[in-house]
Amino acid sequence: MNDQYPALYASFRWHVPASVNIAQLCLQRWAVNPLQGRRPALFTQNEFGEARRCSYGELAVTTGKLATGLQKMGLAQGDRVAVAMSQGPEFVAACLAVLAAGGVVLPLSPVLNAHQVTARIIDARANIAIVDATQVPGIVHAQSVYPALGQIIGYGFQHDSTLSWSSLLARQPDVFKIADTTAQSPAFLFIHWALTPPEGRCIATQCAHRDVARLCGITKLVPARSRHFLDRSALEQPGRPA
């Protein structure tokens, strides 16, 4: 058998469209299909064993309304939005909403203290934050030190300094047009929490597109019963084109 792997590896290229938005790629194109929209997009389970199921359609509605709210707050393409939430459907919706509106996601780890959260928000020049109850002290402290953080959207709690997630979504229409972004548009800004001084890494849309494609390819090769055990290390196996 003729081994063509070296030639295929050397000639491999990721074909990323010139105009692409991660929210369209991962969510909207499935949600608009009546059949696909009813299928589960996320399964989650908290520390108490309580399970939740969220369909593509449900996730798209939440994402679209939140994206509309962000744009009404003045979010422009390239603006950074801090997302400080526990992992769950709302965290995914928040990240996709920022991307759908053309913004850049600044995810903040729950292990950060108030000083570290403040430093990262200032460095990123974030003007909006989306937060749940686990991250309130750090975000509120950041706003007191950095007044440019003008809007804080709070999920699952009430605070004088925050705008309620549910109230914001209730005022938004169901229809939303995803922003036009290019392959070179920034999508994520990661700042390593353990490094001093912190080091940031900006991930362009085309790089995020590549990782999504790689993950989709891997899940097609893994037995269905094992798919939910995948972790990021599966994306970085030696011998896979990067």
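No lab work stands behind these numbers, since they all come straight from the coordinates. The structure displayed is predicted, hence computed values, not measured ones. Heads up, the Cβs are rebuilt from the backbone with ideal geometry, glycines too, and the neighbour counts pull from every protein chain shown.
Per-structure values
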{"item": "Relative contact order for the stretch 4-123, counting Cα pairs under 8 Å that sit 6 or more residues apart, in percent", "result": "22"}
{"item": "For the stretch 1-122, radius of gyration divided by Kirkwood radius, i.e. Rg to Rh on alpha-carbons", "result": "1.10"}
{"item": "Over the stretch 74-193: Kirkwood hydrodynamic radius from C-alpha pairwise inverse distances, Å", "result": "14.4"}
{"item": "Descending semi-axes in Å of the stretch 95-151, equivalent ellipsoid built from Cα gyration tensor", "result": "18, 13, 10"}
{"item": "Taking the C-alpha atoms of the stretch 19-221, convex hull volume expressed per residue in Å³", "result": "133"}
{"item": "Footprinting exposure proxy for MET73, MET85 (fewest neighbouring C-beta atoms within 10 Å first)", "result": "MET73, MET85"}
